[in-house]
Amino acid sequence: MNSDETQIRIGRQGRYRHRAFTIVGRLQLQDEDASSWNEWYLLFDEGLAGWLSDGDGTYAVTFETEIAEFDTLPAFESLGLDQKLKLNRRYYDVSDLYMAFYAGADGDLPFDAVPGTEIPVADLAGPGKSCATIDYSQASPIVFIGENVDLETLRLA
(Lines give C-alpha, C1' and ligand atoms only; values in the text may rest on other atoms or scores of the structure.)
Protein backbone atom coordinates (compact mmCIF):
# COMPACT_ATOMS: atom_id res chain seq x y z
CA MET A 1 0.00 0.00 0.00
CA ASN A 2 1.18 3.53 -0.70
CA SER A 3 2.31 5.55 2.29
CA ASP A 4 0.68 8.89 2.97
CA GLU A 5 0.56 11.63 5.56
CA THR A 6 -2.43 10.45 7.59
CA GLN A 7 -2.21 10.23 11.37
CA ILE A 8 -4.95 7.57 11.47
CA ARG A 9 -3.86 3.94 11.88
CA ILE A 10 -5.44 0.49 12.07
CA GLY A 11 -5.92 -0.52 15.69
CA ARG A 12 -6.61 2.97 16.99
CA GLN A 13 -9.77 3.42 19.00
CA GLY A 14 -12.09 6.39 19.22
CA ARG A 15 -15.61 7.56 19.85
CA TYR A 16 -18.32 8.82 17.56
CA ARG A 17 -21.49 10.20 19.16
CA HIS A 18 -20.79 8.38 22.44
CA ARG A 19 -20.15 5.07 20.67
CA ALA A 20 -16.74 3.42 20.95
CA PHE A 21 -15.11 2.06 17.79
CA THR A 22 -11.89 0.45 16.62
CA ILE A 23 -10.31 1.06 13.21
CA VAL A 24 -9.89 -2.40 11.71
CA GLY A 25 -9.27 -1.84 7.98
CA ARG A 26 -8.22 0.65 5.35
CA LEU A 27 -8.95 1.27 1.70
CA GLN A 28 -6.74 3.65 -0.23
CA LEU A 29 -8.45 5.13 -3.26
CA GLN A 30 -7.48 7.36 -6.17
CA ASP A 31 -9.48 9.25 -8.74
CA GLU A 32 -8.76 9.93 -12.40
CA ASP A 33 -6.78 13.07 -11.39
CA ALA A 34 -4.47 10.90 -9.19
CA SER A 35 -5.83 12.48 -6.00
CA SER A 36 -5.83 9.92 -3.21
CA TRP A 37 -7.64 9.45 0.08
CA ASN A 38 -8.33 6.80 2.71
CA GLU A 39 -11.50 5.07 3.79
CA TRP A 40 -11.07 3.53 7.24
CA TYR A 41 -13.35 0.66 8.23
CA LEU A 42 -14.74 1.12 11.75
CA LEU A 43 -16.23 -1.53 14.01
CA PHE A 44 -18.27 -0.21 16.91
CA ASP A 45 -18.53 -2.05 20.23
CA GLU A 46 -22.16 -3.00 19.61
CA GLY A 47 -21.34 -4.57 16.22
CA LEU A 48 -22.26 -1.63 13.96
CA ALA A 49 -19.85 -0.97 11.08
CA GLY A 50 -19.03 2.40 9.55
CA TRP A 51 -16.45 4.29 7.53
CA LEU A 52 -14.17 7.24 8.25
CA SER A 53 -13.20 9.11 5.11
CA ASP A 54 -9.83 10.88 5.35
CA GLY A 55 -8.70 13.13 2.52
CA ASP A 56 -7.28 16.62 2.05
CA GLY A 57 -7.67 17.38 5.76
CA THR A 58 -11.41 16.68 5.74
CA TYR A 59 -13.12 13.83 7.53
CA ALA A 60 -16.56 12.23 7.41
CA VAL A 61 -18.15 9.31 9.24
CA THR A 62 -20.72 7.40 7.18
CA PHE A 63 -22.80 4.25 7.47
CA GLU A 64 -24.25 2.04 4.76
CA THR A 65 -27.93 2.96 4.67
CA GLU A 66 -30.99 1.38 3.08
CA ILE A 67 -32.93 3.93 1.05
CA ALA A 68 -36.69 4.14 1.42
CA GLU A 69 -38.45 2.39 -1.43
CA PHE A 70 -40.13 5.65 -2.48
CA ASP A 71 -36.73 7.30 -3.09
CA THR A 72 -35.35 6.43 -6.51
CA LEU A 73 -31.64 6.68 -7.25
CA PRO A 74 -30.90 7.96 -10.73
CA ALA A 75 -28.30 6.25 -12.92
CA PHE A 76 -24.76 7.58 -12.44
CA GLU A 77 -24.65 8.79 -16.05
CA SER A 78 -27.75 10.96 -15.53
CA LEU A 79 -26.39 12.83 -12.49
CA GLY A 80 -25.20 16.42 -12.69
CA LEU A 81 -23.39 18.68 -10.25
CA ASP A 82 -25.73 20.59 -7.90
CA GLN A 83 -28.60 18.23 -8.77
CA LYS A 84 -30.90 17.65 -5.79
CA LEU A 85 -31.54 14.12 -4.56
CA LYS A 86 -33.90 13.01 -1.82
CA LEU A 87 -32.62 10.23 0.44
CA ASN A 88 -34.76 9.12 3.37
CA ARG A 89 -36.67 12.40 3.69
CA ARG A 90 -33.58 14.62 3.44
CA TYR A 91 -32.41 16.59 0.40
CA TYR A 92 -28.80 16.51 -0.75
CA ASP A 93 -26.95 18.32 -3.54
CA VAL A 94 -24.59 16.40 -5.80
CA SER A 95 -21.24 17.99 -4.93
CA ASP A 96 -18.84 15.75 -6.88
CA LEU A 97 -18.94 13.02 -9.54
CA TYR A 98 -15.88 10.93 -10.33
CA MET A 99 -14.42 7.53 -11.08
CA ALA A 100 -12.44 6.09 -8.15
CA PHE A 101 -10.03 3.15 -8.17
CA TYR A 102 -8.80 0.90 -5.36
CA ALA A 103 -5.10 1.66 -4.94
CA GLY A 104 -4.57 -0.62 -1.96
CA ALA A 105 -6.13 -2.18 1.11
CA ASP A 106 -5.08 -3.65 4.43
CA GLY A 107 -6.58 -4.91 7.64
CA ASP A 108 -10.06 -6.38 7.94
CA LEU A 109 -12.57 -5.23 5.32
CA PRO A 110 -16.11 -6.45 4.54
CA PHE A 111 -15.17 -7.26 0.91
CA ASP A 112 -12.18 -7.94 -1.35
CA ALA A 113 -10.79 -4.67 -2.73
CA VAL A 114 -9.02 -5.71 -5.92
CA PRO A 115 -6.50 -3.00 -6.93
CA GLY A 116 -7.60 -1.15 -10.04
CA THR A 117 -11.31 -1.88 -9.53
CA GLU A 118 -13.33 1.04 -10.93
CA ILE A 119 -16.00 2.66 -8.75
CA PRO A 120 -18.30 5.39 -10.13
CA VAL A 121 -19.00 7.68 -7.15
CA ALA A 122 -21.38 10.55 -6.39
CA ASP A 123 -20.63 12.64 -3.30
CA LEU A 124 -23.53 14.59 -1.83
CA ALA A 125 -23.73 17.53 0.57
CA GLY A 126 -26.74 17.90 2.83
CA PRO A 127 -27.92 20.44 5.37
CA GLY A 128 -25.47 21.33 8.13
CA LYS A 129 -22.65 18.82 8.26
CA SER A 130 -24.65 15.97 6.69
CA CYS A 131 -23.21 14.17 3.70
CA ALA A 132 -23.75 11.06 1.62
CA THR A 133 -21.90 8.99 -0.93
CA ILE A 134 -23.41 6.76 -3.58
CA ASP A 135 -21.20 3.90 -4.79
CA TYR A 136 -22.34 2.78 -8.25
CA SER A 137 -19.99 -0.22 -8.53
CA GLN A 138 -22.82 -2.74 -8.01
CA ALA A 139 -26.04 -3.35 -9.94
CA SER A 140 -27.89 -1.75 -7.02
CA PRO A 141 -26.07 1.39 -5.86
CA ILE A 142 -24.77 1.38 -2.28
CA VAL A 143 -25.60 4.48 -0.22
CA PHE A 144 -23.58 5.75 2.73
CA ILE A 145 -25.04 8.56 4.86
CA GLY A 146 -23.32 10.43 7.66
CA GLU A 147 -21.70 13.71 8.51
CA ASN A 148 -18.51 15.68 8.18
CA VAL A 149 -16.54 15.68 11.44
CA ASP A 150 -13.51 17.30 13.03
CA LEU A 151 -10.88 14.67 13.71
CA GLU A 152 -10.47 15.90 17.30
CA THR A 153 -14.09 15.06 18.11
CA LEU A 154 -13.38 11.37 17.41
CA ARG A 155 -10.90 11.25 20.31
CA LEU A 156 -8.60 8.75 18.62
CA ALA A 157 -6.35 6.98 21.13
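The values are calculated or read from the model by the stated rules, or taken from the named source; none is laboratory data. Computed from a predicted model, the values in this text were never measured in an experiment. Note: ideal-geometry Cβ built from the backbone for every residue, glycine included; neighbour counts use all protein chains shown. These accessible areas exclude ligands, DNA and RNA; they are computed on the full protein's heavy atoms, side chains included. Shrake-Rupley method; radii C 1.70, N 1.55, O 1.52, S 1.80 Å.
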Rounded accessible area per residue of segment 38-156, 1.4 Å, Å²: 54
The chain - charge dipole about Cα centre, Lys and Arg +1 at Cβ, Asp and Glu -1, debye rounded to 20: 700
Total formal charge among the other residues, if their Cβ is under 14 angstrom from that of Gly80, Lys/Arg +1 and Asp/Glu -1: -4
Accessible carbon and sulfur surface of the chain relative to its total accessible area, %, 1.4 Å: 46
Cα-based equivalent ellipsoid, segment 1-52: semi-axes from gyration tensor eigenvalues, Å: 24, 11, 9
Sequence of Lys86, Lys129 when ordered by accessible area, the most exposed leading, probe 1.4 angstrom: Lys129, Lys86
Contact order normalised by residue count of the chain, Cα under 8 Å, 6+ apart, percent: 23
Cα-based Rg and Dmax for segment 76-157, where Dmax is the largest Cα-Cα distance (Å): 14.4, 43
For the chain, alpha-carbon Rg and Dmax in angstrom: 15.2, 43
